[in-house]
1. Return the residues of the stretch 121-167 that are open to solvent by less than 70 Å² (accessible area, probe 1.4 Å) and over 21 Å from Trp239 (Cβ atoms); say none if nothing qualifies.
2. Here is a check on your reading of the model: is Ser200 buried (at least 16 other Cβ atoms within 10 Å of the Cβ) and of a type outside the set (D, E, K, R)?
3. Being free of Cβ contacts under 8 Å to residues at least 12 places away in the same chain and open to solvent by less than 90 Å² (accessible area, probe 1.4 Å) narrows it down to one of Ala283, Ala272, Ala262, so name that one.
4. For Leu134, indicate whether it is touching a residue at least 12 places away in the same chain (Cβ under 8 Å) and touching an Asp or Glu at 6+ places or on another chain (Cβ under 8 Å).
5. Where residues in the stretch 88-109 are at negative phi and charged (D, E, K, R), which of them is least open to solvent (accessible area, probe 1.4 Å)?
6. Scan the stretch 178-197 residue by residue and report those that are assigned to a helix (DSSP H, G or I) and either charged (D, E, K, R) or in contact with an Asp or Glu (Cβ under 8 Å, 6 or more places away or on another chain) (or both).
Amino acid sequence: DALPIYHIDALLQLSDACRIQEDQEMARDFIERALFSLECAVHPLFSLTSGACRLDYRRPENRAFYLALFKHMMFLEKRGCPRTALEFCKLILSLDPENDPLCVLLLIDFLSLRAREYTFLTRMFLEWENHRNLSQLPNFAFSVPLAYFFMSQDNLTEVELSDASNKAAQLIQSALIMFPGVLMPLLDSCGVQPDTTVSSHSFFGPLAQISQPPALNQLVSLYLGRTHCLWKDPTVMVWLEENVREVLKMVDANDPSVEESARKRKVRYQSAPRNIVRHVILAEIGRA
């Protein structure tokens, strides 16, 4: 029997139209049809599981494949399948890991935390930090210490628990110093009233958010819009509070890392790269 012939771009548009009308089932169906059609068209040697196949997003013919995979991944996450969504996220990243045209690096940490793949997230951070500066992305700066914190709550050996706990504290303090404008919106999103010592301190006050470059504001809003629900756990909040107090001690002691981080924020994040703009449009998170 002859296979049905689909127009991929039309299927993607129809999926968006159904999703806007809140017909999620039909929206998913159109994306699955698009993926089926694309799968039928791939070369026999194009193996998605090998991790060695590349697709150039700059070629218009390849863009529909990226978009169909991204939209399918988002549907999987919304249906409560974070582990499967994470695997699709890895797949999209593997198609062009150097350029990351849809900037799935802004999403992979969230899916890893949702899927409880803490070891994968921390390993990826360690292996990619030197050549990709992942710590300069707010989502990695905050999600990696959160992953270490969750690991410190697992059934590990005493040495492993101590190591995970120390890394979590060190990294969350670095994140708070580098991105002080994240704390107050995060607490607000979680419905937590900050301590007066924290709310009255100039380091975490309104100026921290106002002074952020627009591109950094966008990254922070994107992260909080996705991930704030993972921070609502009472044990996480207690841990965060302890480290906020440690950071305030460092700020009051004029720690050189505080001034260095402020300098970096002024120099970087002047404008959002094109792949981040694509991600913001596809993510459709209202805050961003």
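The values are calculated or read from the model by the stated rules, or taken from the named source; none is laboratory data. Note that this is a predicted model, so its numbers are computed, not measured. Note: ideal-geometry Cβ built from the backbone for every residue, glycine included; neighbour counts use all protein chains shown. Side chains included, ligands, DNA and RNA excluded: accessible areas come from the protein's heavy atoms. Shrake-Rupley method; radii C 1.70, N 1.55, O 1.52, S 1.80 Å.
1. Selection gives Met124, Trp128, Glu129, Arg132, Leu134, Gln136, Leu137.
2. Criteria not met by Ser200.
3. The unique qualifying residue is Ala262.
4. In short, no.
5. Asp109
6. Scanning the stretch 178-197 gives a single hit, Asp188.
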